[in-house]
Structures are given as C-alpha cells and as structure tokens.
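The values are calculated or read from the model by the stated rules, or taken from the named source; none is laboratory data. Everything numeric here is computed off the predicted structure, so don't read it as measured data. Neighbour counts are summed over all protein chains in view; Cβ atoms, including those assigned to glycine, are modelled from backbone coordinates with ideal geometry. Surface areas here come from the heavy atoms of the whole protein model, side chains and all, with no ligands, DNA or RNA. Shrake-Rupley method; radii C 1.70, N 1.55, O 1.52, S 1.80 Å.
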Amino acid sequence: MHAPGPAAWLLVALCAATSAYCLLRMRAPGQGVRGTAGGEALMGLAMAVMAVPAAVLRPPAWTWICYAVVFGAAALRALWAARAGSAHHVHHLVGTLAMVYMAWAMASAPAGHAGHGGAPMSGGVPLVTGLLLVYYAAYVLRTGARLVPAGGPQSPAPTHWTGRTEVVRACRLAMATGMLAMLLTV
C-alpha cells in the first residue's frame, strides 16, 4: 500500500493523527464510545504502518498474515455489532474487511512487488478493489457534505473537543480518505 515519497508520509501522518485522536476519545464515558473509538484507533494505526514507505520499513511477509487475522477478528466483532442494524457498525464491518483484503493482497503479491516503490500491487482483485473504491468515495462525499453547517439551530456543543460530533465526523472522514488513497494502490 505504499504511495510514492511525500504522499506516503502525508498518509502516515493523517492515519497516525486520527489514531491518536481516537485514543483520546476512548477516555469518554460509555462502553459504546470506547469500543468504537478503540476500533477506529486500531484501524488508523494499522493504516499508518501500512503506508510507511518501503525504503524505511519493509515488513516480513508474515506481518500481512497477522494483519489479516487481527482484522478478520475485528470483522467478526463488527459483524456481531452490526446485527442490530446500525449503519456505523456496518461501515466498521466494511472497513475491517477492506483491511483483511489489503493484507491478503500484500501477502499474495509477488516478492518485492507488494505495492512498494509506488508501483501498483498485482495481488488485488479488480472487482473487489473497484467496489471498495466506490464505497469509500461515496462515504467520503456523504461525510464531507455532513460537515458543512446547515444553518439551522445548533445544539449545545460538548465542553471537551473529543466529544464534538463534527470532530468525530472529520476524524472518520480523514480515515475514509486514507482508505481510499490506500485502495488506489491495490
């Protein structure tokens, strides 16, 4: 999933910053908030590591198998949570499955060609990649549009910035944009 040069470092910074914010959100009261923020922090950190340029970090092949196992377990957790019909849990399910897919693509790419050096990977399935790209593009556009103020009456804002709805949405928008960028290299 490695983009060329400065773009890779921008993606690393974006994903690491959103992961750090999600870790701060885990301090909020309520088990649901903590669990969601923890899952998003894990996703952001894993995306940041995946985006590090290959010249700096070239993980061994077994790393991608570990990614697939961890995010496969996270997908099962998201599937269990999504049975209640929450759209956000379904989004988490798609995200974890996308991470499993990208880890599988990295593991199955020929040695030395796993998306390193800015070259597109050959391990991905074009139909799956295309469907994920469409999903994330739509999610980014919808979430970005929801960040624009509607001009109606505003509800009172929480006193701490980690609980503000618009900051949480911006964090999710940043992570979805990062996922979209990573999928472009599959």
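A few points about this structure:
- Residues that are closer than 23 Å to Thr177 by Cα and open to solvent by 70 Å² or more (accessible area, probe 1.4 Å), drawn from region 27-55: Arg34, Leu42, Leu45
- Of the candidates Ala20, Ala28, the single residue that is farther than 22 Å from Ala105 by Cβ and in contact with a Lys or Arg (Cβ under 9 Å, 6 or more places away or on another chain) is Ala28.
- Thr96 being without any contact (Cβ under 8 Å) to a residue 60 or more places away in the chain, surrounded by 21 or more Cβ atoms within 10 Å (Cβ to Cβ), in contact with a helix residue (DSSP H, G or I) (Cβ under 9 Å, 6 or more places away or on another chain) and part of a helix (DSSP H, G or I): yes
- For region 17-41, a tally of residues being of a type in the set (Lys, Arg), in a helix (DSSP H, G or I) and at pLDDT below 85 returns 1.
- Residues in region 80-103 that are out of contact with any Gly (no Cβ under 7 Å at 6 or more places or on another chain) and farther than 17 Å from Gly38 by Cβ: Arg83, Ala84, Gly85, Ala87, Val90, Val94, Leu97, Ala98, Tyr101, Met102, Ala103.
- First in region 158-182 and outside any helix (DSSP H, G or I), second anywhere and open to solvent by less than 60 Å² (accessible area, probe 1.4 Å) and modelled with pLDDT of 95 or more, Cβ under 6 Å, 6 or more apart: none
- Scanning region 56-80 for residues that are surrounded by 15 or more Cβ atoms within 10 Å (Cβ to Cβ), farther than 15 Å from Met179 by Cβ and either among the basic types (Lys, Arg) or at pLDDT 85 or above (or both) yields Thr63, Trp64, Ala68, Val70, Gly72, Arg77, Leu79.
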